[in-house]
1. Scan segment 167-220 for residues that are under 13 Å from residue 236 (Cα atoms), in a loop (DSSP other than H, G, I, E, B) and open to solvent by 60 Å² or more (accessible area, probe 1.4 Å) and jot them down.
2. Using beta carbons and a limit of 9 Å, which pairs, at least six apart or on different chains, have the first residue in segment 13-41 and at positive phi and the second one surrounded by fewer than 21 Cβ atoms within 10 Å (Cβ to Cβ)?
3. Within the set of pairs 6+ apart or on separate chains, which have a first residue in segment 217-244 that is touching a residue at least 60 places away in the same chain (Cβ under 8 Å), a second that is not in a helix (DSSP H, G or I) and not hydrophobic (A, V, I, L, M, F, W, C), and C-beta atoms under 8 Å apart?
4. For segment 55-73, give me the residue count where each residue is of a type in the set (S, T, N, Q) and open to solvent by 10 Å² or more (accessible area, probe 1.4 Å).
5. Checking the conditions here, which among 40, 76 is farther than 18 Å from residue 129 by Cα and open to solvent by less than 50 Å² (accessible area, probe 1.4 Å)?
6. So which residues in segment 120-144 are without any contact (Cβ under 8 Å) to a residue 40 or more places away in the chain and either in a helix (DSSP H, G or I) or closer than 16 Å to residue 80 by Cβ (or both), if there are any at all?
7. So which residues in segment 128-158 are under 16 Å from residue 276 (Cα atoms) and either in contact with a His (Cβ under 7 Å, 6 or more places away or on another chain) or open to solvent by 70 Å² or more (accessible area, probe 1.4 Å) (or both)?
8. Check segment 228-245 and report whether any residue there is closer than 20 Å to residue 161 by Cβ, touching a Lys or Arg at 6+ places or on another chain (Cβ under 7 Å) and assigned to a helix (DSSP H, G or I).
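The values are calculated or read from the model by the stated rules, or taken from the named source; none is laboratory data. If you're wondering where the values come from, they're calculated on a predicted model, not measured in any experiment. Every residue, glycine as well, gets a Cβ built from its backbone with ideal geometry; the counts of neighbours run over all protein chains shown. Accessible surface is based on the protein model in full, side chains and every heavy atom, while ligands, DNA and RNA are left aside. Shrake-Rupley method; radii C 1.70, N 1.55, O 1.52, S 1.80 Å.
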Amino acid sequence: MGTEKIINAGDKTRASNIEILRIIAMFFILFIHANFWSLGEPTIDEMAANPLATWCRTLFESAGIIAVNCFVFISGWFGINFKLKGLVSFLFQSSFFYIGTTVILVMVGMCDLNKLVLIRMTFADNWYIMSYVLLLIFSPVLNAYIKTASRNSYRLLLVLFWGFALTYGFRPVSTFNEGYSPIFFFGLYLLVRYIRIYKPRLTTFPIYADLLIYVLCTILTALTWCCFRINCFIYLNPVVIISSIYFCLIFTKFEFKNKVVNWFAASSFAAYLLHTSPCLQDSYQTFFKTLWCTNPTVLFWTKSILAIVAIMIVAVVLDQLRIRVYRLAGKRFRITLACF
C-alpha cells in the first residue's frame, strides 16, 4: 500500500491524482471494516425488519470492497521498483504500529498480552501484509517477464491465469483463497501492467463512462447479495475486479499536484495498521457495534464517517513519529539500504 514510487516520467513529484485514489481507497477499507467486518452481514430477519438500512449497508459494502484491489492497481500502474529500502521501510512501519501500540497499551493496562495478541504482533494472521511483502519480493521476476514477453504471450498468460483463477479460486481453501492471497496480487499486478502498457480499447473510455461502469458494478454486486445471499464481497469476484479497475482508471485520466495531498497519502497506510493493530482491532469493531445499536441509520453513518476521518488523521500524525524514528535509526546504526 505504499512502497512503490509514484513518479511521472522526468518528474520526481508524486502525482496527486493517484495519491487521492490512495487516500480514498484507505477510507474505503476503514469504511467496510466499520460495516460488515464489525457488524457482521445483515441477517434475513434484519432485511425483513429494516430493508432500507440493510440495503444501505449492502450498497456501501459493495462500493468499498474494491479498496484492496485499488492498492494493487496503484502498484501495477506505475510498477514496483523493488529496493531493499522499500521492503525494510514497509516492515518497519508495520512493526512500529503493531508492536508499538501493543507495548504501550499493555504497559498502561489497556490490553492483555495473550496468545492471540502475540500472534497478531507477528503479522501471522494478517493476510494483506504477508501478501504484499511477497508481491514486493517477486516484483523483479514479474517485471522481468513483462519486459521480455511479447504482447501475444503476455495476453495468453493473463487469459490462462484468470481463467484458472475464476474457475477454481472461489473456494476459501484454494490457492487463491477468494482473492485473499499473494498469487491473486501477482495476477492483478500483471493485469494492470498490461493495461498500462498496451492500453486496450476497453480501458480508454472517458471518465464518465468509467464512473458509470463502477456505479453499475456496485449496484449489481449489492443486488446479487440481497437477492441470492451469495458471498460476492470478495476480491476475486469478477464484478469487483471490473469495478475496481474502472474506478481506478478515473484517476489516471486527469492530473494535478498538491503537496498536502501527497503528504497525507504517503502515510495513509498507517490508518490500516492502527485500526487492525493487535490490541485495537477488537476495540474498533466494538466501537462501531455500539454506534450501530445506539443510533438511527443516518446518524450512524454520519458519525462513522467522522470517526473514520478522525482515525485517519490521528494515524497520519502518528506516522510522522515513525518516520523520524526510522530516519534516526538509519543514521544511528549507519544502515545502507542499496538497490538490488
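1. Result: 170, 171, 172, 175, 180.
2. Hits for this filter: 40/289.
3. 221/237; 225/231; 234/180; 235/180; 236/169; 241/235
4. Residues that pass the stated criteria total 0.
5. Working: 76 fails: farther than 18 Å from residue 129 by Cα.
Every option except 40 fails the conditions.
6. If we filter segment 120-144 for residues that are without any contact (Cβ under 8 Å) to a residue 40 or more places away in the chain, which is where we start, we get 122-125, 129, 141, 144.
Selection gives 129, 141, 144.
7. 130
8. No, that holds for no residue.
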